[in-house]
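Trainee: Got a structure for you, questions after.
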Amino acid sequence: MKRLTSRNFSRRRFLGGAAAIGVTVSALPRKGWAQSKQVNVYNWDTYIGETTLETFTENTGIEVQYDLYANNEELLAKLQAGNPGYDLIFPSDWAVENMALRNMIMPLDHSKLTNLDNIDPNFRNLSFDPGMAHSVPYMWGTMGIGYRATAVDETPDSWGVLLDSDKYSGRIALLEDQRSVLGIALKYLGYSMNSTNPDEIAEARDLLIAQKRHIKAFAPDSGQDMLIAGDADLVMEWNGDIMQVMTEDDELSYIVPKEGGMVWTDNMCIPTGAPNVENAYAFIDHILDAEVNAEIANTIQFATANKAARQYINEADLKNPAIYPPDEAIAQSESLKEIGDALRLYSEAWTAVQAA
């Protein structure tokens, strides 16, 4: 059995290994997807507890085929041509809406989920999937600014420090993610992160192009590593990833800027054509168990949508605003939504930013 160290758990990053006996990690389809005692899971990199998969197999006798992806675009690309055999996936908010509109995920039978009542009522009727018709909320969090407190003059409480200033030239890293980066630029400019207005998207593009000479890197979810290594002093990152390095370096901190950030929710869905549907329901119900869910949350240090699990979660995490942000920060934030054909505008803008 291979183990992942606690430092290496990240929503976006895969460092290798599996956390359970009987679990295979692979990026390639294989024969034998449909088996009475197997469930084929496709999840974000290292986004599970240390014992979750092992206890599932012990409790049910069902083995887990566990594959990994880096972002929603990769997930969508994999399934757009037809489900190669996955039983359970973990798309984010806008991707759930996207896949439901295209019949890529199945409507859920709530009667098969005995632990569904553990979900926090605040997460049971989210705009991208009212009434949890196609998805069950998993973890949630924010995107904000991770920074080294000793390297900045004052708390970086505005996205302008990263997007519209030369004060920390060469010490800034943004995510390598077109919807997120352009969305935050739109937010800073006073627009919606989900704008479909060509002029507003162009303005966000031009802001990033003008700032690019001051940006050290568009990092593929490695901003936290750049911070702790001293390669950057301010990074756009997911709260949980910054939390992990904050435990190693007390000079590091995290903030959701005054303009607001991004609130995301990752969810469990059964893709259309899943070969082992009943096993997928069993796996979802296992994750919904309060103690199982708490073990996941304590391992990866992300906020859970499972209210029943919170009695088992580390008290320090519950009180940490980098994990569970203040209500006012959340009120100013947005979630990414399905934008239809306007995605082309974002892709074109992002290509221009990368080419500049």
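Throughout, read-outs are computed from the coordinates displayed, never taken from laboratory work. All figures in this text were calculated on a predicted structure; none of them were measured in a lab. Don't worry about glycine lacking a Cβ; one is built from the backbone with ideal geometry, like all the others, and counts go over all protein chains shown.
Trainee: With percent of Cα pairs over 34 Å apart defined as stated, name the option among (i) 39; (ii) 24; (iii) 27 computed from the structure displayed.
Mentor: Checking each listed value against the structure points to (ii).
Trainee: So how far, in whole Å, is the C-alpha centre of segment 56-135 from the one of segment 164-189?
Mentor: Value for the Cα centre distance between the two parts: 30 Å.
Trainee: Spin-label point model (7 Å from Cα, Cβ direction): what's the Ala77 to Asp231 distance in nm?
Mentor: Reported label-point gap for Ala77 and Asp231 is 2.2 nm.
Trainee: Further, regarding this structure: Let me have the 222 nm mean residue ellipticity of the chain computed from DSSP H runs of 4+ only, each contributing -39500 (n - 2.57), with the sum over all residues rounded to the nearest 500.
Mentor: Calculated mean residue ellipticity at 222 nm is -9000 deg cm²/dmol.
Trainee: Now for a separate question. Roughly what angle does helix 277-288 make with the longest principal axis of the chain, taking Cα atoms, 0 to 90 degrees, to the nearest 10?
Mentor: The answer is roughly 60 degrees.
Trainee: Which angle from 0 to 90°, rounded to the nearest 10, does the C-alpha axis of helix 198-211 make with the longest principal axis of the chain?
Mentor: 70 degrees
Trainee: Extension gain Asn122-Asn59, at 0.36 nm per residue separation less the Cα-Cα distance, in nm?
Mentor: So the chain would gain 19.7 nm between Asn122 and Asn59.
Trainee: Would you work out the charge dipole size for the chain about its Cα centre, treating the Cβ of every Lys and Arg as +1 and the Cβ of every Asp and Glu as -1, and quote it to the nearest 20 debye?
Mentor: Computed charge dipole of the chain: roughly 780 debye.
Trainee: Give the residue list of GluC sites (Glu not before Pro) in segment 157-263 that are DSSP loop and have at most 14 other beta-carbon atoms within 10 angstrom.
Mentor: Glu248, Glu251
Trainee: Something else: Taking a threshold of 25 Å on the Cα-Cα distance, which of the pairs Lys37/Lys337; Lys37/Lys112; Lys187/Lys216; Lys167/Lys319; Lys78/Lys187; Lys78/Lys212 fall above it?
Mentor: Distance filter (> 25 Å) returns Lys37/Lys337; Lys167/Lys319; Lys78/Lys187; Lys78/Lys212.
Trainee: Taking the number of other C-beta atoms within 10 Å as the exposure measure, put Leu189, Leu162 in order starting with the fewest.
Mentor: Starting with the residue having the fewest Cβ neighbours, the order is Leu189, Leu162.
Trainee: Still on this model: From the backbone phi of segment 169-181, what are the Karplus-calculated ³J(HN,Hα) couplings (6.51 cos²θ - 1.76 cosθ + 1.60, θ = phi - 60°) in whole Hz, Gly and Pro given as x?
Mentor: 3, x, 10, 10, 10, 10, 5, 8, 8, 5, 5, 5, 5
Trainee: Using 7 Å Cα-to-Cβ label points, what is the His110/Glu348 separation (nm, one decimal)?
Mentor: Result for the modelled spin labels: 4.2 nm.
Trainee: Measure nothing fancy, just the Cα-based angle from helix 290-300's long axis to the longest principal axis of the chain, in degrees from 0 to 90, nearest 10.
Mentor: Once rounded, the angle reads 40 degrees.
Trainee: Going toward the positive end of the dipole of the chain, with +1 on Lys and Arg Cβ and -1 on Asp and Glu Cβ, which of Asn98, Ala297, Gly141 do you reach last?
Mentor: Asn98
Trainee: Using label points projected 7 Å from each Cα along Cα→Cβ, tell me how many nm separate Thr272 and Ala151, to one decimal.
Mentor: Result: 4.7 nm between the two label points.
Trainee: Putting +1 on Lys and Arg Cβ atoms and -1 on Asp and Glu Cβ atoms, find which of Asn83, Tyr66, Ile119 reaches farthest to the positive end of the dipole of segment 42-121.
Mentor: Among Asn83, Tyr66, Ile119, the one farthest towards the positive end of the dipole of segment 42-121 is Asn83.
Trainee: Tell me the relative contact order for segment 29-169 as a rounded percent, counting alpha carbon contacts under 8 Å between residues six or more apart.
Mentor: Relative contact order, segment 29-169: 19 percent.
Trainee: Next question, about the same structure. Tell me the relative contact order for the chain as a rounded percent, counting alpha carbon contacts under 8 Å between residues six or more apart.
Mentor: 25 percent
Trainee: Roughly what % antiparallel, to the nearest 5, for the DSSP beta bridges in the chain?
Mentor: Of the beta bridges lying entirely in the chain, close to 50 percent run antiparallel.
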